[in-house]
1. Given H placed 1.01 Å from N in the peptide plane, which residues other than close sequence neighbours of Lys75 have an amide H under 5 Å from its amide H?
2. Kirkwood hydrodynamic radius, segment 27-70, all distinct C-alpha pairs: what's the number in Å?
3. Report the label-to-label distance for Ser36 and Asp141 in nanometres (one decimal), using points 7 Å from each Cα along the Cα→Cβ vector.
4. So between Arg134 and Ile122, what do we pick up on full extension, going 0.36 nm a residue minus the alpha carbon distance?
5. What full-extension length gain, to one decimal in nm, is calculated for Asp86 and Arg109 as 0.36 nm per residue of separation minus the Cα-Cα distance?
Amino acid sequence: MPVRPVIAGALGAAALLCAAVGPAGADPSELITVDSVGLIASDGTVTLSGSYRCLGGTGPVLVSSSLSQADPGLKHGIGGSTARCDGAEHRWENSGKASPEALKAGAARVEATLMELRPSGILVLPALHAATDRDITLAHDGASPASPKASPKTGAGKSPKASPKASAKTRAGKSPKAPAKASAGKPAKVPGKSAR
C-alpha cells in the first residue's frame, strides 16, 4: 500500500480526534504558518507551504493541511509531511491532487496543523502542537517553457544559405570548384582527339 494514503488517513483520523481533545498540551513557543500563495497545476495538484517550530515529543509529528474554496464546509486534504521538532524554525511543503474541477485558481482558505501521534498502550493518540488557518491565493503553477524555435536561417526544411560567391558561380552554370590550371606551353587535351 502506498505511504501517502496511509499518512493522509492517519492525519485525517488524528484531526478528528484532535478536534475532540483540543490544544491543551500545546506549548506557546510552537507555531505553524501558511504562505499567502499556494499553487495549483493543470492536473489539479495543489502545493501549499509555510513554516513551523516545535519541541521534541515521544511520537512522530506530522504537518497536515487542508484547503476549502466556495463551500467552507468542504475541505480537501492536501498531503502530509513529517516535522523535525528541535526548537528551530523549519519550512514545510505539502502536495495533493484534487480533481481539476474541484479547485481552481483564486481565493482559498487553508488550515494547517502540527500534530504528534503519541503512543498510549495499544492506541496512538493525537497531541496538537500548533494549528492555524489563513486566507490565501491559489495561483496557477508556472507552465513549462516552450521548446526553443529553430532559427530562421536553419529552420526545419531549410538548409543554410551558401555564400554569395559560390551562389553566383552555380547560377552561371559553373561548378563552384576552382578550375584546373593549364600547363604552360602545352595545348589542352580535348577528349577523343590527340594533340599533335
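No value in this document is a laboratory result; all are computed from the given coordinates. Being a predicted model, the structure only gives us computed values, none of them experimental. Cβ coordinates were reconstructed from backbone atoms using ideal geometry, including for glycine residues, and neighbour counts include every protein chain displayed.
1. none
2. 12.8
3. Between Ser36 and Asp141, the label points sit 2.4 nm apart.
4. Extra length from Arg134 to Ile122 when fully extended: 0.8 nm.
5. Once the chain is fully extended between Asp86 and Arg109, it gains 5.4 nm.
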